[in-house]
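Quick notes on the structure that follows.
Just so it is clear, none of the values below were taken in a lab; they were calculated from the coordinates. Just so we're clear, the structure is a prediction, and the values are computed from it rather than from any experiment. When we count neighbours, we look across all protein chains shown, and the Cβ atoms used for this are built from the backbone with ideal geometry, even at glycine.
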Amino acid sequence: MAEPARKTDTAQPMLSVNNIEVVYDEVILVLRGVSLEVPQGKIVTLLGPNGAGKSTTLKAISGLLKTEDGEVTRGDINFMGQQIANGNPEDIVRSGLFQVMEGRRIIEDMTCIENLRLGAYTRKDKGVKDDIEMVFEYFPRLKERTGLAGYLSGGEQQMLAIGRSLMARPKMILLDEPSMGLSPLLVKEVFGIIEKINREQGITMLIVEQNANFALKVADYGYIMESGKVVLDGTRDELLNNEDVKEFYLGGGSEERKSFKNIKSYKRRKRWL
Amino acid sequence: MNFELLFQLLLNGLIVGTLYGVVAMCFVLIYKSTQIVNFAQGEFLLIGAWVCYAFLVEMSLPFWLGFLFTLLFMMAFGIILQMVVLRPMIGEPIISVIMVTIGLSIFFQAATKWIFGATTASYPQVFETRSINLLGMQIETAYIMSFVISLFIMAGFYWFFKYSKLGLAMRATAFDQQVAQSLGISVKTVFAMSWAISALVSGIAGIVIGMVNGVSSALSVIGIKVFPAVILGGLDSIVGAIVGGVIIGLLENTAEFVDGQYLNWGNLFSIAPFYVLIIILCIKPYGLFGTKDIERI
């Protein structure tokens, strides 16, 4: 932007997604103009129901869209001053943006340490060994697991997937549903560690979640997506106090909703779309 | 019973078997990382052996230099073959890709005959002594070299897949290509490298066999012998390939012994592995070490 007034505002966000449109297989329109910004050092969360296009947004950012025959057909994605829309996933990882994919996706027939070393694939320095120890400090229970990663519990696999992303020494991590398939206690533990990593390592995070309760606890800012569009955004407190968010995502909400005859919530939903 | 002959044959079987194992490993490497059944594996041996022959005899280079040049040539050959012929086939049905490798096999057979002729050629003498006496048995020096080289290659493979970055990346790509890409691994590089390594190691095996038997198109028969070995061990297991190779080597030579001493049918030697192949497919379709697909419901 050339306007001098904006420059004094805040520094440019680390990642900005501007009005992107994503099409799969050249015909299926999945994202219909999504824009979002992630400032450096912050945790931003992207909430929304199934099929809203949250994972697609992440894949568009990390370039993995390409592996699924998807394409960004409009808009642009800017990461630290670089245009990365429709870029190669390898190049995007090298530029410091790492995605932890949905459903853990660790390499099951390798050990924890081998998985962690793979995370450091793009690095050329000698600090890999120290970083494995650093990951074990965040996730002490992984250290005791010497067998194949396929035998780890769901929570441990999620921890390994996050640990693996740290090995790449990324500037920013995209986390796709870290709470998936975990017990509430484990979700709490995992989110606690995510917050700790953000604080101690200064790694910026964009977290896609269905579990709005937990995600909003750690996030600084949130976006809510529905049907391929961002329908609402705001700081953590704004979202936590928003009546619609309370109703649809956090549970509870206003009294009147309890009657099924009342179609107000449906109307509100309509208005969002 | 002629025990001395039996031992001699079993020893031969072990040595030839490790060599089968090495070629089988190359086959499995390609299958595992790129899901391609490479019917041209035997021709890699043939090309390696002839190229080394050309360096040694026609350019009269010293053995070590010719050997080194052949390795470099095979590596480049593997990469170019993957990039030019097989990369455009990514995403095509598996049967088309198999047809391409069969086509490559026929093409290379004909091309080597055209360039180098159809007669058997032999390398210049590499070792001073043709054979040495070990525990009362005569063993050709080239055989011992072959055995040592095979063990060396196997140890190299083990180290490569366990500790090297590229080896880990290849295993990750074999397991899940999308995840490999999300980790910053270039799948294209991994594919090219698996063909390069496979061609390189097969080339070494070709030179070794060429030193013992001479270089001719018969070398590519190893490529067919490798099938029983690979299927016995399990298509996607490197350890299985080695075990399968050794078993097939021993089996061939046992068949030779039984045939030569008692049955006198002739040629049981060359068909025995394929009988075993059929039996294995009946009772253990995934082989000894192959992974069964686990379906999660």
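What pairs in A:59/B:165; B:113/B:284; B:113/B:225; A:124/A:217 have C-alpha atoms more than 30 Å from each other?
In this structure, B:113/B:284; A:124/A:217 lie more than 30 Å apart at Cα.
If a paramagnetic tag sat 7 Å from the Cα of residue B:57 along the Cα-Cβ line, which residues of the range B:189-221 would have the backbone N under 15 Å from that point?
B:207-219
Provide the percentage of antiparallel DSSP beta bridges, counting only those with both residues in the protein assembly as shown; round to the nearest 5.
Antiparallel bridges make up about 60 percent of those DSSP assigns within the protein assembly as shown.
Using only the Cα atoms of the protein assembly as shown, build the gyration tensor, take square roots of its eigenvalues as a ≥ b ≥ c, and label the shape rounded, prolate or oblate: rounded if a/c is under 1.5, else prolate if a/b is larger than b/c, else oblate.
prolate
For the range B:26-103, what value does the Rg/Rh ratio take when both radii are computed over Cα atoms and Rh is the Kirkwood radius, given to two decimals?
Radius of gyration over Kirkwood radius for the range B:26-103 works out to 1.07.
For the range B:242-265, list residues with backbone N below 14 Å from a point placed 7 Å from the Cα of residue B:2 toward its Cβ?
Label zone hits: B:254-265.
Evaluate the relative contact order of chain A (contact order divided by residue number), counting alpha-carbon pairs under 8 angstrom at least 6 apart; express in whole percent.
RCO, chain A: 23 percent.
With θ set to phi - 60°, apply the Karplus curve 6.51 cos²θ - 1.76 cosθ + 1.60 along the range B:94-110 and write out the HN-Hα couplings as whole Hz, x wherever there is a Gly or Pro.
4, 5, 5, 5, 4, 4, 4, 5, 5, x, 4, 4, 5, 4, 5, 4, 5
Let me have the 222 nm mean residue ellipticity of chain B computed from DSSP H runs of 4+ only, each contributing -39500 (n - 2.57), with the sum over all residues rounded to the nearest 500.
-23500 deg cm²/dmol
Would you tally the net charge around residue A:34, using a Cβ to Cβ cut-off of less than 10 Å, leaving residue A:34 out, and scoring K and R as +1, D and E as -1?
+2
Excluding residue A:20 itself, calculate the net charge of residues whose Cβ lies under 15 Å from the Cβ of residue A:20, where each Lys or Arg counts +1 and each Asp or Glu counts -1.
+2
Report, by chain and number, residues whose modeled amide H sits under 5 Å from the one on residue A:46, excluding near sequence neighbours (fewer than 5 apart, same chain).
Answer set, sorted by chain and number: A:207, A:208, A:209, A:223.
Per residue Cα convex hull volume for the range A:116-195, in cubic angstrom?
In the range A:116-195, the Cα hull volume divided by residue count equals 99 Å³.
Rounded if a/c is under 1.5, else prolate if a/b is larger than b/c, else oblate: which is the range A:113-152, with a ≥ b ≥ c the root eigenvalues of its Cα gyration tensor?
Oblate shape, in that a/c is at least 1.5 and b/c is the bigger or equal ratio.
Per q in 0.16, 0.21 1/Å, what log10 I(q)/I(0) does a Debye calculation on the alpha-carbon atoms of the range A:23-74 return?
So the normalised log intensities are -0.50, -0.81.
Taking only C-alpha pairs under 8 Å that are 6+ residues apart, what is the relative contact order of chain B in percent?
Relative contact order of chain B: 36 percent.
In the range A:39-136, what trypsin sites (Lys or Arg not before Pro) fall in a loop by DSSP, with at most 12 other Cβ atoms inside 10 Å?
Here the sparse-neighbourhood loop sites are A:124, A:126.
First select every other residue whose beta carbon is under 10 angstrom from the beta carbon of residue A:167; then total the charges, Lys and Arg +1, Asp and Glu -1.
Value of the local net charge: +3.
Work out the mean other chain Cβ neighbour count within 10 Å for the residues of A:111-122 and drop it here as an integer.
Partner-chain Cβ atoms within 10 Å, mean over residues of A:111-122: 4.
Can you give me the long-range amide H partners of residue A:40? Hydrogens built in the peptide plane at 1.01 Å from N, cutoff under 5 Å, separation of 5 or more residues or another chain.
The answer is A:14.
Under the classification rounded if a/c is under 1.5, otherwise prolate if a/b is larger than b/c and oblate if not, where does chain B fall, given a ≥ b ≥ c as square roots of the Cα gyration tensor eigenvalues?
Since a/c reaches 1.5 but b/c is at least a/b, the shape of chain B is classed as oblate.
Report, for chain A, the % of DSSP beta bridges that are antiparallel, rounded to 5.
DSSP beta bridges in chain A are roughly 60 percent antiparallel.
Using amide H atoms built 1.01 Å from N in the peptide plane, name the residues 5+ places from residue A:111, or on other chains, whose amide H lies under 5 Å from its own.
For residue A:111, the qualifying residues are A:149.
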